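Nothing in this text is a laboratory measurement; each read-out follows from the coordinates by a stated rule. Here the structure is a predicted model, which is why all the values come from computation and not from measurement. With ideal geometry, Cβ positions are generated from the backbone for all residues, glycine too; neighbour counts draw on all protein chains shown.
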Amino acid sequence: MIFVNFKTYKEASGKNTLSLTQTICDLASETKVEIIACPQAVDLRQVIEVSNRPVWTQHVDAVERGRATGWFPPEVAKEAGAEGTFLNHSEHKLSIGQLGEIMARCRQAGLKTLVFADSVEEAKVVSKFKPDYIGYEPQELIASKTTSVSQEKPEIIRSVVKEVPKTAILIGAGVKGRKDVQVGIKLGATGIVLSSAVVLAKNPKEVLKDLVKGFK
């Protein structure tokens, strides 16, 4: 399982987001490895319209639809066709109280959740809210071009998997090739979540092909 976070990169916005989505769909169908596009909110509906795979959004808010100017209610994301949402990403951290409120709203809306954590301790805390996935990403390694969580923190991957055995664990931060995937899978992770390694690549499809080989 691979989650590709489009963030707000120009390379994955507007018309570019459709090209990257098609690449993801084609490769997922070809390899039978689940690859999930995660576009920014402004591109969500157009990605869903062209995708034959699940699509997730990058964030939702704990608000009721209606009088919610500037917010993104879970129901709106669900009705647009999103299957799930990221929460507590390192670039959009939440307090425990906020996370609890949003998780409750997501359950009501039928929206799956991937909650990020940067340590074993945080993973244990967020696991109490029973997300569908926990994404372990040590902040200091995010977007690293020289190393990865698999190389620098394998013992913590093992610890997170051990400490929250009832939740599927994804790994991220510097993940960029099949060896990173192989290490994570060997240690008990379900898959990976990444962004720049794919989105900013000269040939995203080739990068994804290499990552997929890590699941074989």
For semi-axes √(5λ) of the Cα gyration tensor in Å, with candidates [x] 32, 21, 16; [y] 25, 22, 14; [z] 37, 22, 16, the value calculated from the shown model is option [y]
For the stretch 2-213, averaging the sequence separation of alpha carbon pairs under 8 Å that lie six or more residues apart and dividing by its residue count, the contact order in percent is 18 percent
Looking only at lysines whose Cα falls under 23 Å of K213's and that sit 8 or more positions away or on another chain, we get K32, K145, K153, K176, K179, K186, K202, K205
Counted neighbours (other Cβ, 10 Å), sorted fewest up, put D132, D180 in the order D132, D180
Taking only Cα atoms of the stretch 1-109, the Rg to Rh ratio with Kirkwood Rh works out at 0.98
Rounded to the nearest Å, the spacing of the alpha-carbon centers of the stretch 81-144 and the stretch 1-60 is 19 Å
The answer for the per residue Cα convex hull volume of the stretch 117-196, in Å³, is 76 Å³
Site E152, offset 7 angstrom along Cα→Cβ, radius 12 Å on amide nitrogen, limited to the stretch 173-196, gives 173-175
The chain: antiparallel bridges as % of DSSP beta bridges, rounded to 5, reads 0 percent
